[in-house]
Every structure is written in C-alpha cells, then in structure tokens.
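Data first, discussion second: the structure below is written as structure tokens.
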Amino acid sequence: MRDINLELKKSLEDLSCKLVYQHPDGFNELPVVSFYNLTESVSLAYDNEEQLQDGIMQLDIWAKLPAECGSIAIEINRLLTKDGWCRQFSMDIPKQNGERAYHRTMRYIKTFG
C-alpha cells in the first residue's frame, strides 16, 4: 500500500502556487490548491498480496480570478498526466453566500504497482 497523498505531492512539486492538504486555512493568499485522498482500493491481488492499488485524488483550485483557475488547472493537468495520473473530471463551482474566491474542482486517478 502506498500513501497516495505523498504520491500526489511528489507529482505536483513544481506547481507554481501553494499546495495544501484538505482545505486552505484562509483565502488571504490566493491562488492556492487543496487536495485530499478521495478513495483508494486494491485493483489486483494474488497470493494474499496486494499487487496494484488505485488512488483517486480530489483537487480544488481557489483563486481571485476565473482565468487563474483555468491556467492553474491546465498546469495541474500537465504535471499530473506527465506522471501517469488520468483526469476523471473538472468543473467550476459557482460562488455562494458572498464567497471571495473562485473555485474549480478536479479529480484524478492513478494505478500504483
């Protein structure tokens, strides 16, 4: 079993903005990308040993401008697909209740041996 949070952090070590686990503490330092392990599961096992593991990661981009969300999403996609991750989806989240930040969510999956 691998810690896919660490695997994602390694894949995004060259990201141009701050990367935080789960949720930003505040929205004073934008842009910021948050991430967490959505699910992980065994995808192949034999002889009572796990051989392959699937990991699905949720990423959220928080920015002052919608265009920043878009450019960071493109950067994330480039870094993650280069490292073997596959994007499941990406979508903008509408602002609610006077939120100050624009928000885009993305989900990626990768199989680890």
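May I ask which of 9/82; 10/82; 64/110; 10/64; 9/110; 10/95 have a Cα-Cα span longer than 20 Å here?
With Cα atoms farther than 20 Å apart: 64/110; 10/64; 10/95.
Taking 0.36 nm per residue of sequence separation and subtracting the Cα-Cα distance, how much length would be gained by fully extending the chain between residue 51 and residue 74, in nm to one decimal?
Gain on stretching residue 51 to residue 74: 5.1 nm.
As a check on your grasp of the helix formula, calculate [θ] at 222 nm for the chain: sum -39500 (n - 2.57) over DSSP H runs of n ≥ 4, divide by the residue count, round to the nearest 500.
-7000 deg cm²/dmol
Would you mind calculating the relative contact order of the chain from Cα pairs under 8 angstrom and at least 6 residues apart, reporting the percent as a whole number?
The value is 26 percent.
Tell me, what is the per residue accessible area of region 1-41 in Å², probe radius 1.4 Å?
64 Å²
Counting only protein heavy atoms and a 1.4 Å probe, tell me what percentage of the chain's accessible area is made up of carbon and sulfur.
Answer for the chain: carbon and sulfur cover 48 percent of the accessible area.
Write down, largest first, the equivalent ellipsoid semi-axes of the chain in whole Å, where each equals the square root of 5 times an eigenvalue of the alpha-carbon gyration tensor.
29, 13, 12
The values are calculated or read from the model by the stated rules, or taken from the named source; none is laboratory data. Computed from a predicted model, the values in this text were never measured in an experiment. Ligands, DNA and RNA are excluded from the accessible area calculation, which covers all protein heavy atoms including side chains. Shrake-Rupley method; radii C 1.70, N 1.55, O 1.52, S 1.80 Å.
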